[in-house]
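The values are calculated or read from the model by the stated rules, or taken from the named source; none is laboratory data. Small disclaimer: the values here were computed from a predicted structure and weren't measured. Here Cβ is always computed from backbone atoms with ideal geometry, including for glycine, and neighbour counts include all displayed protein chains. In case anyone asks, the SASA skips ligands and DNA or RNA and just uses the protein heavy atoms, side chains included. Shrake-Rupley method; radii C 1.70, N 1.55, O 1.52, S 1.80 Å.
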Amino acid sequence: QPMAATATSEKPAAGAKAVNPNPLPTNAIVHPLVLLSATDHYVRVAKDTSKRVVGVLLGAKEVAGERDSWKMTTHEGAYSQADVVNITNSFAVPFEEDDRDPKIWFLDHNYLENMFAMFKKVNAREKIVGWYSTGPKIRSADLEINEVFKKYTKNPVLVIIDVQPQDELGIPTDAYVAVEEVKDDGTPTRRSFQHLSSEIGAEEAEEIGVEHLLRDIKDTTVSTLAERVNAKLTSLKGLKARLQDIHSYLQAVAQGTMPVNHEITFLIQEIFNLLPNLSVEELVRSFSVKTNDMMLVIYISSLIRSVIALHNLINNKIALKEAENDGDKAEKDGKDGKKKEGKDGKDGKDGKDGKAKDGKEKEKDAKKDSKYDGIAQASDGGGGGM
């Protein structure tokens, strides 16, 4: 059950310390870079297939409050000891396995060691803390693969990363660590995986990078209010899923199918103690006032948006009307100019015709005058002879 996974295991027998003297981690913090690298590895190698990919996890054990950036992720000293695996980086490793026989598999050790040597030159603080697989579940050969990684770290952590998550409410990681089960009856020990609680953590620089990635894939058609409502809805769905897990666990304990875990009982009791007492009149009034204030802000914001939208609509109508009037005026002025030019051309033609006519009449009159002058001279000459 998910609730039982976060609880500490029962106190091991006396022989368990001799088998596993190193303290086991209790929590794994996976950084976004690891998720992106594993997803990219899967897309490049095994997309649209039933295969899985395997890689190496790099990081270190962290003490709470060792760095200022981790003070925000700790919860009241819950990580006060160095039992938290901080997984900050990863790299892919060539891996092949037989689909028909899962016991046949290949892991390139030389590639692993060469890549780790190069990563160590970049950041000597990062060490091999485990390995990842895209599962999506534990397979029979995982214990043997885990034994290989014990050459590089004492207690390797297996993180199964779901690259195609179906549940949008949970995180896509499951962390495990191998333990030796020692029995008091003298039977041989058996290796098995113990579930670790895991979470997604990021430093400030990583948060900025993730925000930029989300900004690139953000749907611009969705408003901020819709995003906030969707976030609230997702949170409520997650709360409902967690309450159902608590209900299932308590039912299993009541029916005797699961043992009682006092740490889980203490945490559930703490949750109930933190719930507000709605029977107090002052608290109910405070909730009502707060709700009314928020609804008033939303109502006023809606009114302002409506008024601004109407104002912009009116301005748009006015601008279109002015543009139409300016177009009609320009068209009318063009027509009047053409008419005036045609009239001026006609007047010029009439003037030319009149001048030509006057010139012809003058020339005709001149010819007549010259003819009369000739007749007069001839008559004058004849009279002198007589």
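So here's what we get for this one:
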| read-out | value |
| --- | --- |
| Candidates 275, 320 - the one that is over 30 Å from residue 239 (Cβ atoms) and not β-branched (Val, Ile, Thr) | 320 |
| Answer from 185, 167, 174 - the residue that is among the acidic types (Asp, Glu), open to solvent by 60 Å² or more (accessible area, probe 1.4 Å) and not in a loop (DSSP other than H, G, I, E, B) | 174 |
| Residue list for the stretch 299-335, restricted to those being among the charged types (D, E, K, R) and under 30 Å from residue 224 (Cβ atoms) | 305, 317 |
| Residues of the stretch 245-276 classified as within 38 Å of the chain's Cα centre (by Cα) and either surrounded by fewer than 10 Cβ atoms within 10 Å (Cβ to Cβ) or assigned to a helix (DSSP H, G or I) (or both), total | 19 |
| Positions within the stretch 189-217 being small (Gly, Ala, Ser) and either surrounded by 12 or more Cβ atoms within 10 Å (Cβ to Cβ) or in a strand (DSSP E or B) (or both), in sequence order | 192, 197, 198, 201, 202, 209 |
| Whichever residue in the stretch 93-112 is open to solvent by 90 Å² or more (accessible area, probe 1.4 Å) and acidic (Asp, Glu) and, among such residues, is farthest from the chain's Cα centre (by Cα) | 99 |
| Filtered residues of the stretch 35-50 (kept if more than 27 Å from residue 85 (Cα to Cα), without any contact (Cβ under 8 Å) to a residue 40 or more places away in the chain and not hydroxyl-bearing (Ser, Thr, Tyr)) | 44, 47, 48 |
| Subset of the stretch 113-132 (residues that are assigned to a helix (DSSP H, G or I) and either aromatic (Phe, Trp, Tyr) or open to solvent by less than 30 Å² (accessible area, probe 1.4 Å) (or both)) | 116, 119 |
| Residue within the stretch 291-309 that is in contact (Cβ under 8 Å) with a residue 40 or more places away in the chain and assigned to a helix (DSSP H, G or I) present | no |
| Test: residue 151 is part of a loop (DSSP other than H, G, I, E, B), charged (D, E, K, R) and either open to solvent by 60 Å² or more (accessible area, probe 1.4 Å) or in contact (Cβ under 8 Å) with a residue 40 or more places away in the chain (or both) | yes |
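Listed here are the residues, each with its yes/no results for (1) of a type outside the set (Phe, Trp, Tyr); (2) at pLDDT 90 or above.
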residue	(1), (2)
249	no, yes
270	yes, yes
278	yes, no
288	yes, yes
297	yes, yes
305	yes, yes
309	yes, yes
